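The values are calculated or read from the model by the stated rules, or taken from the named source; none is laboratory data. If you're wondering where the values come from, they're calculated on a predicted model, not measured in any experiment. All Cβ positions, glycine included, derive from the backbone under ideal geometry; neighbour counts span all protein chains shown. All accessible areas refer to the heavy atoms of the entire protein, side chains included, with ligands and DNA or RNA removed. Shrake-Rupley method; radii C 1.70, N 1.55, O 1.52, S 1.80 Å.
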Amino acid sequence: MVNKLRQSHGLSTLTLADKPTMAAEYQAVRMAQAEKMSHLLGFGDSFLMRMKNGEVPLPAAENIASGQQTVERAVQAWIDSPKHLENMLGNYRSVGVAVARGQNGLPYWSMVLSS
């Protein structure tokens, strides 16, 4: 869906890559465990440090969502949000997407876009 969106804007497609995928999985699990949708969870949390520690090529961006039952609905929610849309149309080459469910049953989505 993201590559189709990018192509419709004349942009290159993204490649699914290990490092952004692992970073997305890490964030989805963290949110599910906390049962909270947030880029930053806990004292001293830092997006930049998570990306550096995960060896994600910079610059990078992160889209998060919760409650959508399918990846299509999560991506549509990001498309409908100007900042998230801007991330998906940014100057990136790779992507990773993950979902984790909290004890509350809600899905927590994370997408990491990377250079």
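Residues are listed down the side, and each one gets a yes or a no for (1) surrounded by 11 or more Cβ atoms within 10 Å (Cβ to Cβ); (2) within 15 Å of Ser115 (Cα to Cα); (3) under 14 Å from the mean Cα position of the chain (by Cα):
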residue: Thr13; (1), (2), (3): yes, yes, no
residue: Asp18; (1), (2), (3): yes, yes, yes
residue: Pro82; (1), (2), (3): no, no, no
residue: Leu85; (1), (2), (3): yes, no, yes
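Set side by side, the residues Gly105, Gly54, Gly44, Gly96 differ, and just one is surrounded by 14 or more Cβ atoms within 10 Å (Cβ to Cβ), free of Cβ contacts under 8 Å to residues at least 40 places away in the same chain and among the small types (Gly, Ala, Ser), which is Gly54.
Just wondering, is there one or more residues in the range 6-18 that are closer than 22 Å to Leu106 by Cβ and in contact (Cβ under 8 Å) with a residue 40 or more places away in the chain? There is no residue in the range 6-18 that is closer than 22 Å to Leu106 by Cβ and in contact (Cβ under 8 Å) with a residue 40 or more places away in the chain. What's the number of the condition Asn91 fails, among (1) of a type in the set (S, T, N, Q); (2) touching a residue at least 40 places away in the same chain (Cβ under 8 Å); (3) open to solvent by 20 Å² or more (accessible area, probe 1.4 Å); (4) within 16 Å of Val56 (Cα to Cα)? Only one criterion in (1) of a type in the set (S, T, N, Q); (2) touching a residue at least 40 places away in the same chain (Cβ under 8 Å); (3) open to solvent by 20 Å² or more (accessible area, probe 1.4 Å); (4) within 16 Å of Val56 (Cα to Cα) is unmet by Asn91, namely (2).
Does at least one position in the range 25-32 carry a residue that is assigned to a loop (DSSP other than H, G, I, E, B) and open to solvent by 50 Å² or more (accessible area, probe 1.4 Å)? Scanning the range 25-32, I find no residue that is assigned to a loop (DSSP other than H, G, I, E, B) and open to solvent by 50 Å² or more (accessible area, probe 1.4 Å), so the answer is no.
All conditions but one from (1) over 21 Å from Leu14 (Cβ atoms); (2) of a type outside the set (Gly, Ala, Ser); (3) out of contact with any Lys or Arg (no Cβ under 8 Å at 6 or more places or on another chain) apply to Tyr108; the one that does not is (3). Counting only residues that are farther than 20 Å from Lys83 by Cα and among the hydroxyl-bearing types (Ser, Thr, Tyr), the range 24-69 holds 1 of them.
Residue count for the range 41-86 satisfying the condition of being under 16 Å from Ala23 (Cα atoms) and not in a strand (DSSP E or B): 16. Does the range 41-64 contain any residue that is in contact with a Pro (Cβ under 6 Å, 6 or more places away or on another chain) and closer than 17 Å to Met1 by Cα? No, that holds for no residue.
Here Ser114 meets each of (1) touching a residue at least 60 places away in the same chain (Cβ under 8 Å); (2) open to solvent by 70 Å² or more (accessible area, probe 1.4 Å) with one exception, condition (2).
Determine whether Lys36 is under 30 Å from His9 (Cα atoms) and either crowded, with 20+ Cβ neighbours inside 10 Å or of a type in the set (Lys, Arg) (or both). Answer is no for this residue. Please go through the range 93-112 and give me each residue that is outside any strand (DSSP E or B) and within 13 Å of the chain's Cα centre (by Cα), ordered by number. If the condition is that a residue be outside any strand (DSSP E or B) and within 13 Å of the chain's Cα centre (by Cα), then no residue fits.
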